[in-house]
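Below you'll find the structure, written out as structure tokens, and then a few comments.
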2 protein chains.
Amino acid sequence: MGQLLRVQNFGVSEDGIGAGEDQTLQQPFGHVDPMRLMRWATETAGWPGRTDGGGSRGLDDYFTRDFSHGIGAEIMGRNKFGPQRGPWEDHTWQGWWGDEPPFHTPVFVLTHHPRPSFTLSDTTFHFVDGSPAEVLARAREAAQGKDVRLGGGVRTVRQFLDADLVDTLHVTVAPVKFGSGLRLWDAPEELLDRFHLEKVPSPSGVVHHLFWRR
Amino acid sequence: MGQLLRVQNFGVSEDGIGAGEDQTLQQPFGHVDPMRLMRWATETAGWPGRTDGGGSRGLDDYFTRDFSHGIGAEIMGRNKFGPQRGPWEDHTWQGWWGDEPPFHTPVFVLTHHPRPSFTLSDTTFHFVDGSPAEVLARAREAAQGKDVRLGGGVRTVRQFLDADLVDTLHVTVAPVKFGSGLRLWDAPEELLDRFHLEKVPSPSGVVHHLFWRR
């Protein structure tokens, strides 16, 4: 099947909301507390931020440790990279992740505003304008035969779904409702015209939704 | 947690049987048809033998594609390597897997009978005598910081469990009973004194049993 475009470990609420619209520097997910969507992941042994040697090694851990497996590049929306809008005021902002970003591959940040590439540890950020298909072509080339991760946020996943470029999605649905915010879907069944779907409940309380192309 | 010793994709029946006792060259699993235990795996996209680009990408696929992820060596019992018993009559037998074994790492075959190492593609087979702890130490060194897979068969997994050397187990229980054969357990709950256990039913009919140390 060649190089896939994969959404992985993407968390939404029962009402399909993955982030608030009111993103700030202090609140990358706006009024949505990301721990309510992602606590399942932080409690696993495979969570990239874990350094204590502990954590669970059950079902959820298979998903967190698959995060980088076979991935050669990431595509992310500008709002995942930072809270700024419009032309770049300065270049001191280098993302939310400090000196050791968890990507370890080239990352393509979608933006209409050009900016020079830069490298932090083994992650290089490129800033690219273009259609989803054009950006995916660049990311595939950079991935050197491996798959490409579509990292989000919500609008970016929707954009690539609408362009029918996504091959697999792993979305966790947490037992919480937010009422308002950036919505991935009204219901996961919306994607059944194009995707198989398996729903796998986890002891942690989330339901893993696994989609792959029909 | 350092280098783990992991059992992966190990299939047993509802009555805990992973193979027959009557192994022959023609029937590596004796009277047990391995497809009744492992069909779930062969239908996934990640199954090592798959070359057609198809296959499912749901829950079961997370397990098959995890098979080699982070693994630097395998330990297997002599009966997994071949049907011979006693001293090696000749060295023409090189395992069941042809010129491209699916291991891609050093493999340590437990045997009381010495035999020279040999290499097929990127898999090198070593033939080792020693206690489970001694063999594990050699495999860990060869794995160069990665985990070690405990590949089976049933007796070998039991031997390492009894020596309390296993860190994680992924065992699939298929909806079939064999009545007789080589038994991994009477019931998975036998291991609960030492391991956490999550049971995850798959749409394919098997129940994934995920164990990790308490």
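So the values come out like this:
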item	result
Residues satisfying the stated conditions in segment A:148-159, i.e. crowded, with 22+ Cβ neighbours inside 10 Å, outside any loop (DSSP other than H, G, I, E, B) and of a type outside the set (Val, Ile, Thr)	A:Arg149, A:Leu150
Residue, nearest to A:Lys199 (Cα to Cα), within segment B:166-214, restricted to residues that are of a type in the set (Val, Ile, Thr) and surrounded by 19 or more Cβ atoms within 10 Å (Cβ to Cβ)	B:Val200
Matching entry among A:Trp93, A:Trp88 (being touching a strand residue (DSSP E or B) at 6+ places or on another chain (Cβ under 9 Å), in a loop (DSSP other than H, G, I, E, B) and surrounded by fewer than 17 Cβ atoms within 10 Å (Cβ to Cβ))	A:Trp88
Considering residues of segment A:1-60 that are of a type in the set (Val, Ile, Thr) and part of a loop (DSSP other than H, G, I, E, B) only, the residue surrounded by the fewest Cβ atoms within 10 Å (Cβ to Cβ)	A:Thr51
Residue check, B:Phe81 within 14 Å of chain A (Cβ to nearest Cβ), closer than 30 Å to B:Val207 by Cβ and under 14 Å from the mean Cα position of the chain (by Cα)	no
In segment A:121-134, the residues that are closer than 19 Å to A:Asn79 by Cβ and surrounded by 13 or more Cβ atoms within 10 Å (Cβ to Cβ)	A:Thr123, A:Phe125, A:His126, A:Phe127, A:Val128, A:Gly130, A:Pro132
Leading residue by the ranking (farthest from B:Ala174 (Cα to Cα)) among those in segment B:1-53 that are in contact with a Leu (Cβ under 6 Å, 6 or more places away or on another chain) and within 14 Å of chain A (Cβ to nearest Cβ)	B:Leu5
Hits in segment B:200-211 - residues which are assigned to a strand (DSSP E or B) and either more than 10 Å from chain A (Cβ to nearest Cβ) or touching a Leu at 6+ places or on another chain (Cβ under 8 Å) (or both)	B:Val200, B:Val207, B:His208, B:His209, B:Leu210, B:Phe211
Subset of segment B:42-62 (residues that are in contact (Cβ under 8 Å) with a residue 60 or more places away in the chain and hydrophobic (A, V, I, L, M, F, W, C))	B:Leu59
Selection from segment B:184-203 of residues that are closer than 15 Å to B:Val12 by Cβ and touching a helix residue (DSSP H, G or I) at 6+ places or on another chain (Cβ under 6 Å)	B:Leu184, B:Ser202
Selection count where residues are under 23 Å from B:Phe160 (Cα atoms) and either in a strand (DSSP E or B) or touching a residue at least 12 places away in the same chain (Cβ under 8 Å) (or both), scope segment B:175-192	10
Residue match in segment A:87-100 (condition: of a type in the set (Gly, Ala, Ser) and over 29 Å from A:Val200 (Cα atoms))	yes
Which listed residue, of B:Ala142, B:Ala163, is touching a Ser or Thr at 6+ places or on another chain (Cβ under 8 Å), surrounded by 16 or more Cβ atoms within 10 Å (Cβ to Cβ) and closer than 29 Å to A:Thr44 by Cβ	B:Ala142
Top-ranked residue of segment A:54-66 - restricted to ones that are over 16 Å from the mean Cα position of the chain (by Cα) and more than 16 Å from B:Phe195 (Cα to Cα), ranked as farthest from the other protein chains (Cβ to nearest Cβ)	A:Asp60
All positions within segment B:96-136 that are in a strand (DSSP E or B) and farther than 18 Å from B:Leu5 by Cβ	B:Phe118, B:Thr119, B:Leu120, B:Thr123, B:Thr124, B:Phe125, B:Phe127
Test: residue in segment B:3-18 that is at pLDDT below 95 and more than 20 Å from B:Phe63 (Cβ to Cβ)	no
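The values are calculated or read from the model by the stated rules, or taken from the named source; none is laboratory data. All figures in this text were calculated on a predicted structure; none of them were measured in a lab. Glycine gets a Cβ as well: all are built from the backbone with ideal geometry, and neighbour counts include every protein chain shown.
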